[in-house]
Every structure is written in C-alpha cells, then in structure tokens.
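Please read the structure below before turning to the comments.
The values are calculated or read from the model by the stated rules, or taken from the named source; none is laboratory data. Everything quoted here is computed from the prediction, not taken from an experiment. Reconstructed Cβ throughout: ideal geometry from the backbone, glycine too, with neighbour counts over all protein chains shown.
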C-alpha cells in the first residue's frame, strides 16, 4: 500500500433525500476516516447523473418526503439502476436509510396508488397500510450481535424480509414492521435500516464496520486504529437508559 | 364559585344569549382563577375547558371583534412577528387582543378570547378590538375554520419536528385547502422569498400582498449565499417539481428564484425591504411600498429578524397602519420572550435564544458567532413533547459555525449527551461540560462558573428555554412569561 488510503463514497440525492438529517452519517464516516489518515472523497450524485458505481467503495442513500422519494425512485431505476445493482451484487458497501432502504428493496406499495417497483437488491418488500394507519415514530434500540444500535424511526411503510437477513433485532420501537421484531436488512455488503438519529455517530462500531468492509474490498486488510469513543458511547448509553434498556 | 352564577345563567337562557357559550366563559374564568392560585402559567387550560363546553366558542367570540382578526403562521418567527405586528397596530391607534406566546393552538386562542369576555357571551369593548393570533402550523386549518381573518400572514415553511408535523408538502397542502375556503375579503400576506409560501397565492380567493427582501447591502449584512444548505427544503418548484434556479439566497431556501420549466418565479412584491446593515445587535432596513419609503433601525439581531420585521410591516399596512408609523413602532420593539432576550445576572450579560430547527438554529449560530466568543456558551437540547422527540435535526444544523468559539461550552437538557456528540463531529476538539437532565442546574452552573463579568449565551430548545427562563425569572432578571403580554 502506497501512501494513505483513499475511499470514494457516492452520496445519492443529497438534497432530495435528506429529510431526517441523514447527512450526519456522511459527516461521521468522513471524520472517522480522517482521524485515521484515510481520505474519504464524497461525490454528490444527483438526478440524471449516471456514474459507474464500480468506481465507488461506498454508497449512501437517505430518506425523503413521499413526493421527493417518487422523483428519486423514477430517476434511480432510469439512470442508475443497472450500474448500481451490478456493483451492489459485487460487494459495494452501502448504507440505505428509510426511504433509501425502501427504494433498494423489491417493491413499495404507497398509502394510495399503485405498487412501485424498487431496485430489488434487498430481498424485502414494503407496504404502506393506508393513509389512516399510524406511522412508526419514536426512538429505537435494537440488538445487533453483542451490541446495540440506537436511533429514531419515522416511517409509514411496513417492510417484510423475503430473503435478506435482518440487520438487528428490535428491543424498543417498531423496526421493519412492528410485528416480527426485525430491523433493517443485510444483503452482501449493503445495509438497509429505518434508523435516523443520525445513525452512525451514536453507533461508532457500525460506522467502523462500514469503513473496514470498504477497505477490505480494496484488498486493504488492516485493523482500524482505535478512536476514543467516550462521547459516542455516552450518548448511546444515555438513550438506552432513557429507553429502559441496560447497556 | 358556580353557585351564584346559576340564576344568572337561567336568566341568560331565557334571553337570546347562547347559554353554552356563557357557561364556557364562566368555566374558563374559573380554570384561570385556579391556575393563578396554583401559580401556573395557565395559558391553555381555560381555553381547553371552554372548548369542551362550547366547541364553537372561538368562532362565536372572534366574530365579535369589530376590527377583525389577523392570523400569523409559519415555522420560524411567528412569535416575534406577532409581537412586532402588535406594536405597529398600537402605534396605528388600534387596540389589540393578542394570544400569549406558547399558546398557539385553538385552545390558546380560546383562553385569550374568554379572558376578555363577559358572562353574557360578549367580548368586552369588542367593537374597537383587533384580534391578533399566532397559530401553530398544524393547528392552522382548524383555527381558520373558526376564525375568519381580515389578514392571514404566512411567513415561511421549514422542516421542523417531523415526528409531529409530518412532511412540509403535506403542511402546505393542508394550508392550501384551508385558504381556498376563506372568503374573498381575507387578504393573504405572503413571503415572496419562500417558494412554497409564495405559491399559496394560487389558492387565495381574495387579494394577495407579497413582501420580500430584494437585497442585502454592505459587508455586515452578510453576502447572500449562492448554494443552498443541505437542510434547505423548498428547492423544487411547488408547481411542477423541477429544481428551482436561485440567483440569490438570504438563508436556507429564502431568496430570488425561478423555475426553468414552468415559469413559476418569485412574485412581484407590494412591500420591498432592503437590508443595509445586519449584525448581532440590530439591522438597518429600508421599506418601500406604494411609492412611500422609510428607513429604520431594527433592534433585533440577524437576517431572520429582518424577515420578521418585513412580515410585520406588511401585515400592519394591510390592516390600515401607514408605513412610516409601522416602521417607527417596530424600530422601538424589543421582540418576544425567549427570542434574543437579555438579562443581567450578577454582573453577567446573559442572552437567551430559542433554537428548534436547523434553519432557525443556523441563523442564531451566525448571530451569536458574530458576537463575543469569549462568552460561556450553553447549548440546551431537550426532547420533551413540545421540543419534538426527534433530535436528529442537530445533525442538519451547522454547529460548525460555533467551532471558532473560544469561551467554555456547556451542554444541558434531556439530550445533553447528543449535543456534546454533535460538537465533537463539528470539529470541537475541546471536551464540553455535560450537565444532563435538570436545565436549571445547567444554567446556574454556567453562570456561576463564568469568569467575573463574562457574558453567558444560552441557546435552548423550547422546554429548555422555558426552564432556563424560569431560573432567570426566579432571580427577578426577566419577567415571568405569562405576565409579559397584556
């Protein structure tokens, strides 16, 4: 390895799909790379752009309003679909949140109107039970292996996994659908989730996992230099305590 | 308390007076008296009680106001804008019945109206009164079904408490539906610089009066930005969803815009404002309307207050106050509670700012960042119902603007730890002190630990602001808020 490693991240629809402060995740990845001498180059990929996703190490897609999500959904399938689906199939590291998670799954049935096709990377499908149905809103604590993921969810659609593995198991909150206890989805190196918050700053181990996966895919198998996570862990534990879950 | 009232109610029932309305007013007065005994603010309970008894009480009472009503709604600045309108109306010789800050749902308006009403169901001296009601975004359609305003002022729409209000487009749609049901003698006063708000003119059955800020002159005014922040909301055409072209942006998505596809663009304004200076203390604004021009100082900080002043002057003009009278009144105004308030506490100059969403917070950061950076900075983040349970907005707010701060930083509120985390990622290398939970404790500690005579700047979400203010009020440094408004 020559010089400091460099990773490229494609930030999809940064203005259209940034409803719930999901940009905090990009900030978190940038900082945690930078603190280790890794340069994270962030390319904003907007409507109509058709980049070659093989050139990227990471891709990020956040949540948007219904109207904006529809615009993004059409654009995603028309101008980015094939290249992105292909790259995800080849292990492109991806974090997709809320609306972004729904778009990368098989289908989305909105509150009113026809079912919309998704990209189909996640083996999961989403149904909005109708305009009168309560939204899933609130703080979430979910168990992932031996640790926790915490965040805030706000979604109308209910997602059911049809083949992908769940990301985590809900302890407090609704997660994918409020019924089966699943939160999010994993397919190859792509992670879908309903957690805003922003998600990554309060879940630094998960942020580091994404960075490690991206490096590994480049053939850089290094143990990331440790970072003092006192402030991150304190925020996560405070929320766990508030939710009555022991950290 | 109700005993001696019953015979009177019987008599009223025999007359043409609505006995349910009378009972609602009596009950509201009783609730208000009970609140006073309990030393609570009591801004919503009386209204809640009266609405239970007579669901139409707001319509029945507001309809009596001889000079009509002005309703003010928008995400940011409605309390300050309303306070400025009240000053301008009074300068124009009008008597104003104004709901108190923090009670901007239907029940708060009911509290205001019943307080000024007699048992016969009459608003006292109604013929000479103008109603002035600031209204919560979500509550606006319901309030407009009860209060038919002479003037409806809509200031801006920013993302705010998505867990409570839902999405912006939904709010705008509900507003549009409510506006279409208004009579043609209601004048809409709209911010021309906010695309979504300006587009509500399409729904207006009556006249529309647009106000806007056409230019920012001078280095202190802050050069207008060309690239909208990621947190900016209305960057797409409200008519055809094409990306808007902005030629100038004051902040967030407020500015000069045009749709390249359908031709929708910033409308011609009836009140034009030019900002000549704008800093942490004040602004100098030139207002022009109908060939009349007036230049005045505004003793409120920041670009957002220039917009509040523009909205207030526009509303006052439509309500019949001449431009020079309105601008003069506003230049003497000191704003509203919890918004850029100032107190001297044991020799410390303490300033209190409300922050509640990314756009408003960014403007406050710009204002305080331009001030004394040696001050102790207190950031209070809470997630009670009135604050919004979702605190993720702090990741959209540009805390980076505060990183050049040199004084000590203290984080408090129910989510103090999250604020400290946000500061770490904003690039603040120092560890901020975290005092979670009791806001009063955090404020007292900040004031006590500030160096002799050093200023303290407090930025707080809604409930944290109330708690911080209560600490200052207990020391006699600011008035208790339910007494600040008459």
Test: residue B:268 is at pLDDT 90 or above, surrounded by fewer than 19 Cβ atoms within 10 Å (Cβ to Cβ), in a loop (DSSP other than H, G, I, E, B) and away from every other protein chain (no Cβ under 14 Å)
yes
Keeping to region A:205-247, report how many residues are more than 14 Å from chain B (Cβ to nearest Cβ) and without any contact (Cβ under 8 Å) to a residue 40 or more places away in the chain.
9
Take the residues in region B:313-332 that are touching a residue at least 60 places away in the same chain (Cβ under 8 Å), more than 17 Å from residue B:189 (Cα to Cα) and surrounded by fewer than 22 Cβ atoms within 10 Å (Cβ to Cβ), then tell me which one is nearest to the chain's Cα centre (by Cα).
B:332
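Conditions (1) in contact with a strand residue (DSSP E or B) (Cβ under 9 Å, 6 or more places away or on another chain); (2) at pLDDT 95 or above; (3) closer than 20 Å to residue A:107 by Cα, marked per residue:
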position	(1), (2), (3)
A:140	yes, yes, no
A:152	yes, yes, no
A:161	yes, yes, yes
A:188	yes, yes, yes
A:213	yes, yes, no
A:221	no, no, no
A:225	no, no, no
A:235	yes, yes, no
A:245	yes, no, no
Kindly indicate whether any position in region B:38-47 is buried (at least 22 other Cβ atoms within 10 Å of the Cβ) and part of a helix (DSSP H, G or I).
yes
Which numbered condition in (1) in contact (Cβ under 8 Å) with a residue 40 or more places away in the chain; (2) more than 14 Å from every other protein chain (Cβ to nearest Cβ) is the only one that residue A:153 fails?
(2)
Residues of region B:180-194 being buried (at least 18 other Cβ atoms within 10 Å of the Cβ) and either within 14 Å of chain A (Cβ to nearest Cβ) or over 24 Å from residue B:309 (Cβ atoms) (or both), which ones?
B:182
What's the number of the only condition in (1) within 14 Å of another protein chain (Cβ to nearest Cβ); (2) not in a loop (DSSP other than H, G, I, E, B) that residue B:472 fails to meet?
(1)
So, in region A:177-204, exactly how many residues are more than 14 Å from chain B (Cβ to nearest Cβ) and in contact with a helix residue (DSSP H, G or I) (Cβ under 9 Å, 6 or more places away or on another chain)?
8
Return the only residue of B:118, B:92, B:74 being assigned by TED's automatic domain parsing to the domain that holds residue B:319 and crowded, with 23+ Cβ neighbours inside 10 Å.
B:74
What are the residue pairs meeting all of these: first residue in region B:228-244, first residue within 16 Å of residue A:14 (Cα to Cα), second residue modelled with pLDDT under 70, Cβ atoms under 6 Å, and 6 or more apart or on different chains?
B:235/B:228
Here the residues within region B:407-425 that are more than 7 Å from every other protein chain (Cβ to nearest Cβ) and under 28 Å from the mean Cα position of the chain (by Cα) are B:409, B:410, B:411, B:412, B:413, B:414, B:415, B:416, B:419, B:422, B:423
Those residues of region A:72-86 which are buried (at least 18 other Cβ atoms within 10 Å of the Cβ) and either without any contact (Cβ under 8 Å) to a residue 12 or more places away in the chain or more than 17 Å from the chain's Cα centre (by Cα) (or both), in sequence order
A:75, A:77, A:80
State yes or no: is residue B:445 part of a loop (DSSP other than H, G, I, E, B) and assigned by TED's automatic domain parsing to the domain that holds residue B:375?
no
Helices (runs of 4 or more DSSP H) lying entirely in region A:12-129 (those with 1 or more residues that are more than 14 Å from chain B (Cβ to nearest Cβ), more than 17 Å from residue A:195 (Cα to Cα) and out of contact with any strand residue (DSSP E or B) (no Cβ under 6 Å at 6 or more places or on another chain)):
A:81-89
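The rows are residues; the columns are (1) under 19 Å from the mean Cα position of the chain (by Cα); (2) touching a residue at least 24 places away in the same chain (Cβ under 8 Å); (3) over 30 Å from residue B:234 (Cα atoms).
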residue: B:298; (1), (2), (3): yes, yes, no
residue: B:303; (1), (2), (3): yes, yes, no
residue: B:311; (1), (2), (3): yes, yes, no
residue: B:345; (1), (2), (3): no, yes, yes
residue: B:352; (1), (2), (3): yes, yes, no
residue: B:358; (1), (2), (3): yes, yes, no
residue: B:369; (1), (2), (3): no, yes, no
residue: B:400; (1), (2), (3): no, yes, no
Of everything in region A:178-189, what is within 25 Å of residue A:24 (Cα to Cα), without any contact (Cβ under 8 Å) to a residue 60 or more places away in the chain and more than 13 Å from the chain's Cα centre (by Cα)? Give them in sequence order.
A:182
